[in-house]
Structures are given as structure tokens and as C-alpha cells.
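Peer 1: Would you mind keeping the following structure in view while I ask a few things?
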Amino acid sequence: MKVTDKVIVVTGGANGIGAALCRRFAREGAKGVVVADVDETLAKVVAEEINGAAFKCDVSREEDVKRLVRFTEEKYGWIDLFCSNAGIGVMGGVECPNDQWQRIWEVNVMSHVYVGRAIIPGMIKRGGGALMITSSAAGLLSQIGSAPYSVTKHAAVGLAENITITYGDQGIKVFALCPQAVRTAMAGPDGGVAAVDGLMEPEQLAEAVIDGLNKEEFLILPHPDVKTYMQRKTSDYDRWLQGMRRLQARFIAGGPLKK
Ligand SMILES: NC(=O)c1ccc[n+]([C@@H]2O[C@H](COP(=O)([O-])OP(=O)(O)OC[C@H]3O[C@@H](n4cnc5c(N)ncnc54)[C@H](O)[C@@H]3O)[C@@H](O)[C@H]2O)c1
């Protein structure tokens, strides 16, 4: 799909990947871009820069997501593409406290469920629409050092697959964006272990998204190596796991629980 003349919502649009997407969509001639974020001040800065609209919302609250959809439809008439991009990271393994597991589940998974509920019926009525869910390469492979991030990003890919299987024949296009490390606040200055193949600039990633949307393939992989890693994982799971243990040892000697 082309984004020119489209009405687009981007959650997590105030920073990092979301802000780069907002700017790139505006440059491509989108009809309207809604910059949605918990950080209203920065959302306004991005929106002003691109002549879009800012909206304060916490995507882990269903009522906020419903208000965001209503706001966009009242302002622009409809939504062509919803980029459900806001996400958070938590470091640690099974020892992470329950409240951290719960919070990341709500932000990285339930937000996409709320978005799907809020937009799919209207899109089907209008003859179609698109949803791009920002997962991660961690949702296809794993995130060394973070079980909650790996699990929730896998769940996001699972949800995206299920939505496209369920509603694809009714005109709902779904994209799963699965990058490796991108230079944002979340990745930190060096990107950590996710940057083993380098750190991509958000603007480069936005370019890959434009390309992926045009191609209309389910998976958008700004780092093409991720496809090779997926193939290795499915062709010999145990060998792939051994390789991941070796990678972990390079970054966290002795494993995350070593004192
Ligand atoms: N940076 C990377 O290396 C990388 C790699 C793969 C996937 N991702 C994913 O890309 C997405 C964007 O990450 P980023 O790197 O741009 O991070 P970022 O921290 O730079 O930006 C995230 C934005 O989301 C907003 N946000 C956080 N929680 C929110 C909530 N509950 N409701 C509304 N907004 C909220 C933040 O205020 C922030 O503006 C995330 O889903 C992340 O998991 C990032």
C-alpha cells in the first residue's frame, strides 16, 4: 500500500521509531498523521513539525485507545493505516516481579488487542484498512537478557498472524514490523546485544517500512539477516539454541543470574 493521501495513526509517535515513521509518512504526502503517545508534550512537537495532530493516550488502557480512534475518525473521517507501535522493555528473566510482567503484557500485547477491537469493524464496513504492529526481531528469535520482552513480542507476532488469517479476506491488511536494534532511547547508546549486527538509524527503518508497506508482505524486516536467522531456527532448532547460548555468553558472562 502507498501511504500518500492516507489517514494514519502512530502510537508511540513522540519518540524513536514512531516519530521517524510520522515524519516519513508526512513527507510521503499522507492526508493526516495522528501522533499518539503518553508523552503529550513531545507528541505535540512532532505533530506541529509535520502539520499532524497530537493525541495523549496510554495504549494499555482500552478507553484511551477507543478515544484515539474516535478522535481520528472525527478529525479525518476514517483510518487507513494504524501503526500500533508503542512498546516498552524490561530486563530480566523469570525472576522479574509479577507487576513488571503484567505491565509489559498490557503495553506490548493488550494494546494491539484493543486497537484491533476498535478499528477492525469500521475498516471492514468501509471495505478495508491496514494495521501494522511493531513487534521486534525478539518476537521471531529471542531477546537475550529479557524474558518479558521476548514473550510479549512473540505474542504480538502471534496476534498479528491471527488477525490477518481471520480478517485478511475481508480487506484487513496486517503487517508485523520486526526490527533488530534501532538507535532510540529504548535501545540505549550502543543497542546492547540486539545490536550485534549494528545499530540502524530510525530514518533508515522508516524507509524500510515504506518499502515493506508497498510490497504488502506480512513481515517487515528492516534488517534482512533476521530472515536468515529465522530460517536457521526452523531448520535446526537445537543448533540455533546453542548459537544463542554462545551469543549470550559473549554479552553476559555466566548468564543473567550469575552474581
Ligand atoms: N529500538 C529498538 O532497537 C527496537 C527494536 C525492535 C523493536 N522495537 C520496538 O519499536 C517500538 C518503538 O520503540 P522505540 O525504540 O522507538 O522506543 P522509544 O522508547 O524511543 O519510544 C517509545 C515511545 O512509546 C511511548 N510509549 C511507551 N509506553 C506507552 C503507552 N503505554 N502508551 C502510549 N505511548 C507509550 C513512549 O512515550 C515513547 O514516545 C516498541 O514497540 C519497541 O519494542 C524497538
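The values are calculated or read from the model by the stated rules, or taken from the named source; none is laboratory data. Nothing here was measured: the structure is a model prediction, and the numbers come from that model. Cβ coordinates were reconstructed from backbone atoms using ideal geometry, including for glycine residues, and neighbour counts include every protein chain displayed. These area figures cover heavy atoms from the full protein model, side chains too; ligands, DNA and RNA do not enter into them. Shrake-Rupley method; radii C 1.70, N 1.55, O 1.52, S 1.80 Å.
Peer 1: What is the sum of charges around residue 92, taking Lys and Arg as +1, Asp and Glu as -1, for the other residues whose C-beta is under 13 Å from the C-beta of residue 92?
Peer 2: -1
Peer 1: Please turn the phi angles of segment 66-77 into ³J(HN,Hα) values with the Karplus equation 6.51 cos²θ - 1.76 cosθ + 1.60 (θ = phi - 60°), one per residue in order, whole Hz, x for glycine and proline.
Peer 2: Computed from phi, the couplings for segment 66-77 are 4, 5, 5, 5, 4, 4, 5, 5, 5, 7, 10, x Hz.
Peer 1: Among the listed pairs 44/215; 6/66; 75/215; 44/173; 6/56, which have their C-alpha atoms separated by more than 25 angstrom in this model?
Peer 2: 44/215; 75/215; 44/173
Peer 1: Can you pull the percent of the chain's accessible area that's carbon plus sulfur, 1.4 Å probe, other chains left in place?
Peer 2: Using a 1.4 Å probe with all protein chains present, the chain comes out at 51 percent carbon and sulfur.
Peer 1: Counting pairs of Cα atoms in segment 1-160, how many percent are more than 24 Å apart?
Peer 2: 32
Peer 1: Could you tell me the distance between the Cα centroids of segment 75-133 and segment 185-227, to the nearest Å?
Peer 2: Each part's Cα centre sits 19 Å from the other's.
Peer 1: A further question follows. Based solely on its DSSP helices, what 222 nm [θ] is calculated for the chain when runs of n ≥ 4 H residues each add -39,500 (n - 2.57) and the sum is averaged over all residues, nearest 500 deg cm²/dmol?
Peer 2: -15000 deg cm²/dmol
Peer 1: Let me ask something else about it. Sort 149, 229 from largest to smallest accessible area, using a 1.4 Å probe on the heavy atoms of the protein chains.
Peer 2: From most accessible down to least: 229, 149.
Peer 1: Further, regarding this structure: Accessible area of residue 241, 1.4 Å probe, to the nearest 10 Å²?
Peer 2: Only protein atoms counted, so the area is about 60 Å².
Peer 1: Taking a probe of 1.4 Å, how large is the accessible area per residue of the chain, in Å²?
Peer 2: Accessible area per residue, the chain: 48 Å².
Peer 1: Tell me, what is the percent relative contact order of the chain, built from C-alpha pairs under 8 Å that lie six or more residues apart?
Peer 2: 17
Peer 1: In whole Å, largest first, what are the principal axis extents of the Cα atoms in segment 170-226?
Peer 2: 42, 19, 16
Peer 1: For segment 87-144, I need the span (max minus min coordinate) of the C-alpha atoms along each principal axis, in Å, sorted largest to smallest.
Peer 2: Here the spans come out as 46, 24, 13 Å, largest first.
Peer 1: Pairwise over distinct Cα atoms, reciprocal of the mean inverse distance: report the Kirkwood radius of segment 78-187 in Å, one decimal place.
Peer 2: 14.4
Peer 1: Let me ask something else. Cα gyration tensor of segment 128-259, axes a ≥ b ≥ c as square roots of the eigenvalues: rounded (a/c below 1.5), prolate (a/b > b/c) or oblate?
Peer 2: prolate
Peer 1: What does the accessible area of residue 61 come to, in Å² to the nearest 10, when a probe of 1.4 Å is used?
Peer 2: Counting only protein heavy atoms, the figure is 130 Å².
Peer 1: Provide the FRET efficiency to the nearest 0.05 for the residue 67-residue 102 pair, computing r from the beta carbons and using R0 = 25 Å.
Peer 2: The pair residue 67/residue 102 has a calculated efficiency of 0.65.
Peer 1: Another question, then. Enter the accessible area of residue 238 (Å², nearest 10), with the probe set to 1.4 Å and all protein chains included.
Peer 2: Estimated to the nearest 10 Å², residue 238 gives 110 Å².
Peer 1: What's the local net charge at residue 207, with K and R +1, D and E -1, over the other residues with C-beta under 12 Å away?
Peer 2: Local net charge: -1.
Peer 1: Continuing with the same structure: Show the residues, 5+ positions off or on another chain, whose built amide H is closer than 5 Å to the amide H of residue 54.
Peer 2: Result for residue 54 returns 35.
Peer 1: For a protection proxy built on the mean count of beta-carbon atoms within 10 angstrom, sort 117-128, 198-209 highest first, please.
Peer 2: 198-209, 117-128
Peer 1: Hey, another quick one. Suppose every Lys and Arg Cβ carries +1 and every Asp and Glu Cβ carries -1, with no other charges. What dipole size does the chain come out with about its Cα centre, to the nearest 20 debye?
Peer 2: Here the chain has a charge dipole of around 360 debye.
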